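*Asks:* Below is the structure I would like to discuss, written out as structure tokens.
Please treat every number below as a calculation from the coordinates, not as lab data. From a predicted model like this one, the values you see are computed outputs, not experimental measurements. No Cβ is skipped: glycine too gets one built from the backbone with ideal geometry, and neighbour counts run over all protein chains shown.
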Amino acid sequence: MTANRKNSREIVEAGLARRRRKEATFRATGMLATAVGVIFLGVFFGTLVMQGASAFKQTFIKLDVEMSESVLAPDGDLDLAYADFDGLVRDALRRGFPAVSGRKERRELYRLVSVAAGYQLRDELTSDPSLLGSTITIWVPASSNVDMLVKGNIDPAIDESLRPISDAQAGWIESLQQADRLETRFNKALFTNGDSREPELAGIKGALMGSFYMLVVTVALAFPIGVAAAIYLEEFAPRSRWSDLIEVNINNLAAVPSIVFGLLGLAVFINWMALPRSAPLVGGLVLSLLTLPVIIIASRAAIQAVPPSIREAALSLGASKMQVVFHHVLPLALPGMLTGTIIGMSRALGESAPLLMIGMVAFIVDVPGGFTDPATALPVQVYLWADSPERAFAERTSAAIIVLLGFLLIMNLAAVIIRKRMERKW
Amino acid sequence: MAGMTEMKITEEEAMPEARSADSAVEPARHRPMGATARKAVERVTELGEQTVGEVRCENPFIVTENVDVYYGDNHAIQNVTLEIGKSEVIALIGPSGCGKSTYLRCLNRMNDSIESARVTGKIALDGQDIYGSDLDPVALRARVGMVFQKPNPFPKSIYDNVAYGPRIHGLAADRAELDDIVHTSLDRAGLLKEVKDRMDEPGTGLSGGQQQRLCIARTIAVNPEVILMDEPCSALDPIATARIEDLIDELSQDYAIVIVTHSMQQAARVSKRVAYFHLGRLVEVDETDKIFTNPRHKLTEDYITGRIG
Ligand SMILES: Nc1ncnc2c1ncn2[C@@H]1O[C@H](COP(=O)(O)OP(=O)(O)OP(=O)(O)O)[C@@H](O)[C@H]1O
Ligand SMILES: [Mg+2]
């Protein structure tokens, strides 16, 4: 007996070194894997922020504009909708650079400021008609090429023919800078405008609202349907071949490529039900189909995690099945269900492929004001901008991605907080 | 012949368990055993169809007649006939896996929620067939309360735990009446003093013994006629156990109590009758004194003297 015991102790001790080595190797591998992941993430976020940060700023030029009646209303009556505000801007630029002469040169000069300048003047005059005839000092957005040069995204050293800014323009910009007539400020337009062909006017508000309306539809449909399905499948459905089949199909559905849901949406919602194309309503319907399996699976897991002893306690007191579910199971499973829903929603928010199928990839300038207005979504906007040739859209693409990631981060944080807050110990 | 085969299985079942106990103790155990065995009169040895002892009682409240329970193909309860009287405490004892919990759960139809479980035979509560089509298990469970092995308070306040039953059954007309039910139930469960200033705290924050008394309070708040207890003290220390046993004693004046226990001492202390189960069969039922002093079945004797289980 004692000999035996001593023997086994020796065996254990002999094997100890090997066990420790294994453990150390495993730990090192794990650390390496984590490090690789963190590095990739760092590179990803780093480049994104480096490219996108400048999009949150925009270059502005200070102009002294004379609200000349002779330009705005050459024949006496002023029609704000058709008045030539661009002419005012051109006048102001010409007065700023009196030395510039010749058609071609002047055209280049005019191209320093954005077309937004004219709209801005119109807005000024609309809000204060007494300005007519006076001279006002106003900051107007520079054109995107000027913006790029100022931000250093265009290299002035390369050959003139290879860059969108001519030497003359570069010179004018420099003189503007010296006269303190050029400034970079926070790019409000990025958050208040819809899409535009002009990068300095393009904003994400349209896409943001499109995504918002879609997610509203998705939450309103997918959460109640998903939770109800999960409760039914877990608590009420008899175990049979049918319920097994349904379970397998739901799990499969969660893995179906999202573009397939887009095709389904196109066939069912647009072609058959004749819902409008490009509408957040249809996008929301498609995304609900997409997130439904995720929510059902998460909700079922949450229901399964409710300890059976709680059910038994309630049943033994004479609670009916419904009462057990609604008084005990649901409150305990709710945090898990909400977490699953938020994760499903963040997946929906990041989805672009199915939206391409239902026409949400159109160029839409107006910010959608409802569920049936044409709209795009944030990831689709990213796709659209990434496809644009202008250099200025590149930084806006990154900026849109940063905003998208910000929302995803907030949603996932909310999921964590809900779980922490609501999860009770039992 | 059938009895013989079954007996063999019994011994095979029993032996490894006996061996698993500290082997040094075993010979010591056998000596007094042999002495008692010699002193006793002739005993029934085979595990047959027939239950030894008195399955009937004077004033039967629960009557189970030829009850069989199957879990799929597993015949967990075999032809059990037993009567349980009004305001009596009956203890169910027997080795692990013999079907005590299964039998207990037949009495309030908790087996309904196990999909593979199938119950046949007749079980009547106060003359009413509880598996009859006209009886709703919800109504039955309001009359037959249950306390589980592991304390399982709801993750709600102490007050809400006790008030839950009366609330769902609409037993209280107003808040004052509900307060009254909660207080009396907690008082009868011997918990009121300890919790009366913390009624809003979670029931899960109590100690194990307190939780179990909370569960008992929750059960009696519904004012049942029968209380089923499945090893209610197995997770408790001796002091908490003693309190619960006192409580059972007190409750037995108003309720029929069926208690499953692994502790022979507990069975001896609290019960009026004892039923010994073995491999799904009810082997012997009798007055507690008789069972413990002079069991009539060999298996019962083996069990209570510590040779099985
Ligand atoms: N839910 C179930 N599904 C299938 N078989 C079960 C189930 N519950 C119990 N059984 C089987 O029924 C038999 C009796 O089990 P039961 O729980 O009634 O024993 P017990 O006497 O209460 O044992 P213990 O003293 O260990 O609690 C066992 O063979 C067990 O495997
Ligand atoms: Mg048991």
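*Asks:* I want to check the label-to-label distance for A:Ala170 and A:Arg421. Put each point 7 Å from Cα in the C-beta direction and report it in nm to one decimal.
*Replies:* So the label points at A:Ala170 and A:Arg421 sit 5.5 nm apart.
*Asks:* Let me ask something else about it. What is the packing order of peptides B:183-195, A:166-178, taking the mean over residues of other C-beta atoms within 10 Å and listing the highest first? Walk me through the numbers before you get to the answer.
*Replies:* Values: B:183-195: 18.7, A:166-178: 15.7.
Per-residue Cβ counts within 10 Å, averaged per peptide and sorted highest first, yield B:183-195, A:166-178.
*Asks:* Next up: May I ask you to work out the translational diffusion coefficient for chain A at 4 °C, viscosity 1.567 mPa s, via Stokes-Einstein with Rh from the Kirkwood sum over Cα pairs, reported in whole µm²/s?
*Replies:* My calculation gives 49 µm²/s for D.
*Asks:* Continuing with this model, one more query. Would you mind telling me the antiparallel percentage of the DSSP bridges in the protein assembly as shown, rounded to 5? Mind dumping the intermediate values first?
*Replies:* On the way: 38 of 58 bridges.
Close to 65 percent.
*Asks:* Continuing with the same structure: Could you work out the relative contact order of region A:1-119, using alpha carbon pairs under 8 angstrom and six or more residues apart, expressed as a whole percent?
*Replies:* Relative contact order for region A:1-119 comes out at 18 percent.
*Asks:* Let me ask another. Using the 10 angstrom Cβ neighbour count as an exposure proxy, how do B:Thr300, A:Thr372, A:Thr339, A:Thr135 rank, fewest first?
*Replies:* The most exposed by this proxy come first: A:Thr135, A:Thr372, A:Thr339, B:Thr300.
*Asks:* Right, here's the next one. Hey, what does the equivalent ellipsoid look like for region A:221-342, semi-axes from the Cα gyration tensor as sqrt of 5 times each eigenvalue, largest first, whole Å?
*Replies:* Working: eigenvalues 214, 43, 30 Å².
The equivalent ellipsoid of region A:221-342 has semi-axes of 33, 15, 12 Å.
*Asks:* Determine the distance separating the Cα centre of region A:3-26 from the Cα centre of region A:154-178; give it in Å without decimals.
*Replies:* Region A:3-26 and region A:154-178 have Cα centres separated by 74 Å.
*Asks:* Can you sort A:Leu80, A:Leu404 from fewest to most other Cβ atoms within 10 Å of each residue's own Cβ?
*Replies:* Final ranking by Cβ density, sparse to dense: A:Leu80, A:Leu404.
*Asks:* For a footprinting-style exposure proxy, rank B:Met229, A:Met337 by other Cβ within 10 Å, fewest first.
*Replies:* A:Met337, B:Met229
*Asks:* Calculate for chain B the 222 nm mean residue ellipticity that helices alone would give, adding -39,500 (n - 2.57) per DSSP H run of length 4 or more and normalising by residue count, nearest 500 deg cm²/dmol.
*Replies:* On the way: 12 runs with 125 residues, N = 309.
The helix contribution divided over chain B gives -12000 deg cm²/dmol.
*Asks:* Relative to the compact-globule scaling 2.2 N^0.38 Å, provide the ratio for the alpha-carbon radius of gyration of the protein assembly as shown.
*Replies:* 1.50
*Asks:* Separate question: Could you tell me the distance between the Cα centroids of region A:338-395 and region A:111-151, to the nearest Å?
*Replies:* 30
*Asks:* Check every DSSP H run in chain A and write down those whose alpha carbon atoms cover 15 angstrom or more along the long axis and whose mean Kyte-Doolittle hydropathy is 0.5 or greater. Spell out each step's value before the answer.
*Replies:* On the way: long enough: A:2-52 (73 Å, 0.11); A:85-96 (17 Å, -0.41); A:116-127 (17 Å, -0.58); A:167-178 (17 Å, -0.64); A:205-231 (38 Å, 1.77); A:241-253 (18 Å, -0.22); A:280-304 (34 Å, 1.78); A:330-349 (27 Å, 1.22); A:391-422 (47 Å, 1.23).
Helices passing the filter in chain A: A:205-231, A:280-304, A:330-349, A:391-422.
*Asks:* Could you compute the FRET efficiency for A:Asp128 and A:Val256, with r as their C-beta to C-beta distance and R0 at 60 Å, rounded to 0.05? Walk me through the numbers on the way to the answer.
*Replies:* On the way: r = 57 Å, r/R0 = 0.96.
Between A:Asp128 and A:Val256 the formula returns 0.55.
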